[in-house]
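The values are calculated or read from the model by the stated rules, or taken from the named source; none is laboratory data. Since this is a predicted model, take the numbers as computed values, not measurements. Cβ sites come from the backbone with ideal geometry, for glycine too, and all protein chains shown count toward neighbours. Accessible surface is based on the protein model in full, side chains and every heavy atom, while ligands, DNA and RNA are left aside. Shrake-Rupley method; radii C 1.70, N 1.55, O 1.52, S 1.80 Å.
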Amino acid sequence: MAACLGPLSEMRPIRTVLEEQNQVVVNVRPETTDSNPNSTASTSASIMVMRHKVERIFPVYARGGLSPRSDPGGNSGSVVGDSIWDAVRLEAKCEAENEPILSSFLYASILSHDCLERALGFIIANRLQNNTLLETQLMDIFCDVLVQNRGIKRALRMDLQAFKERDPSCLSYCSALLYLKGYHSLQTHRVAHALWNQGRKVLALALQSRVSEVFGVDIHPAAKIGEGILLDHGTGLVIGETAVIGNRVSLMQGVTLGGSGKETGDRHPKVGEGALIGASVTVLGNIKIGEGAMIASGSLVLKDVPQHSMAAGIPAKVIGYVKEQVPSLTMKHDASKDFFEHVAIGNEGRSNGEYNI
């Protein structure tokens with residue numbers, strides 16, 4: 001079970017924690033007559049510097065080209081020095097000092113646990129529990145999978161990095177872990193997918209049903225989802241049974257990756273690495289969204305979309321090609337009027353048919 005760190009009132013100051021972690025903290029604070037080292041200004045400066053240090057030390061998976069440092073012993077998937085967990089704990093301690101009313105909540109959710117996996121299991125279990133699915137039962141299920149599965153241990157950190165880097169409303173790693181239902185839905189799916197592959201399909205479907213009820217996100221436990229994924233907002237998201245989503249993909253609210261009828265077998269979309277799918281996009285059938293492609297908000301996609309292209313409309317048509325190799329990191333998905341005008345000017349004399357998918 002989680003290791004207890006002692007009462008919140010006995011916790012050491014932020015400065016002590018930073019020193020013990022061998023972090024060099026520059027005391028950058030506005031000119032003030034307040035000499036209290038634990039003042040709000042000092043705390044804010046410390047956490048800003050810590051965030052900068054963490055983002056420099058910990059691989060920024062979401063930006064591509066980087067991998068976590070492997071265990072020297074050869075245990076692939078493990079991470080040497082969990083800087084994200086250190087950042088989450090530090091942020092939680094700062095919040096507890098700044099908002100004492102949240103102290104008990106932050107202590108129970110984060111500070112009383114000895115690793116990110118157990119904290120995440122506790123948080124999700126509390127959100128999904130009801131009269132028949134008890135919190136203790138759910139936490140046992142989550143912790144058993146999260147702690148033992150190296151692939152999920154890696155993925156949940158990459159996902160957390162993706163939320164922090166790509167969602168401008170995400171204040172910190174701590175806030176993503178505690179409050180963002182897109183993140184919670186995604187990690188519950190990872191657990192359900194592991195259970196599905198173990199043959200525990202009834203339990204996996206029960207988790208899917210509960211997530212759909214609580215978060216408004218419906219992801220079939222058989223769907224395959226890569227790492228470094230952002231489910232922004234998450235509300236109304238539907239992902240079908242045979243859907244496959246590559247690494248570093250960003251999906252906005254209201255996206256449907258569904259089938260086109262009552263056929264069985266492989267019948268859902270395949271989304272390539274680095275793709276960006278805008279709000280309320282519907283993609284139907286066993287079609288391919290190429291790597292680095294961007295689908296504008298509100299589009300209906302019924303045919304394959306080439307790599308690094310931009311599709312928009314009902315039905316969607318390819319209207320141009322994106323400059324960014326990984327548009328999922330830019331989060332620009334509105335297909336603005338300026339963009340349409342630019343494409344039209346740059347392709348004068350060409351028939352619209354050349355841009356049909």
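Here are the numbers for this structure:
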| item | result |
| --- | --- |
| In the stretch 202-236, the residues that are in contact with an Asp or Glu (Cβ under 7 Å, 6 or more places away or on another chain), aliphatic (A, V, I, L, M) and closer than 18 Å to M294 by Cβ | I229, L230 |
| Candidate set from the stretch 232-270 (those that are aliphatic (A, V, I, L, M) and open to solvent by 10 Å² or more (accessible area, probe 1.4 Å)); member that is farthest from P315 (Cα to Cα) | V244 |
| Failed item in (1) surrounded by fewer than 24 Cβ atoms within 10 Å (Cβ to Cβ); (2) touching a Gly at 6+ places or on another chain (Cβ under 6 Å), with A162 passing the rest | (1) |
| Residue identified as touching a residue at least 24 places away in the same chain (Cβ under 8 Å) and closer than 21 Å to E241 by Cβ among L133, L207 | L207 |
| Residue check, L116 more than 22 Å from E213 (Cβ to Cβ) and crowded, with 22+ Cβ neighbours inside 10 Å | yes |
| From T235, T188, T264, residue being modelled with pLDDT under 95 and under 30 Å from E135 (Cβ atoms) | T235 |
| Hits in the stretch 188-201 (condition: under 19 Å from M139 (Cβ atoms) and not basic (K, R)) | T188, H189, V191, A192, H193, A194, L195, Q198 |
| Unmet requirement for V281, which otherwise passes all of (1) more than 24 Å from I152 (Cβ to Cβ); (2) β-branched (V, I, T); (3) modelled with pLDDT under 95 | (3) |
| Residue match in the stretch 183-201 (condition: open to solvent by less than 20 Å² (accessible area, probe 1.4 Å), among the β-branched types (V, I, T) and in contact with a Ser or Thr (Cβ under 6 Å, 6 or more places away or on another chain)) | no |
| Tally, over the stretch 103-112, of residues that are open to solvent by 10 Å² or more (accessible area, probe 1.4 Å) and either in contact (Cβ under 8 Å) with a residue 60 or more places away in the chain or touching an Asp or Glu at 6+ places or on another chain (Cβ under 6 Å) (or both) | 4 |
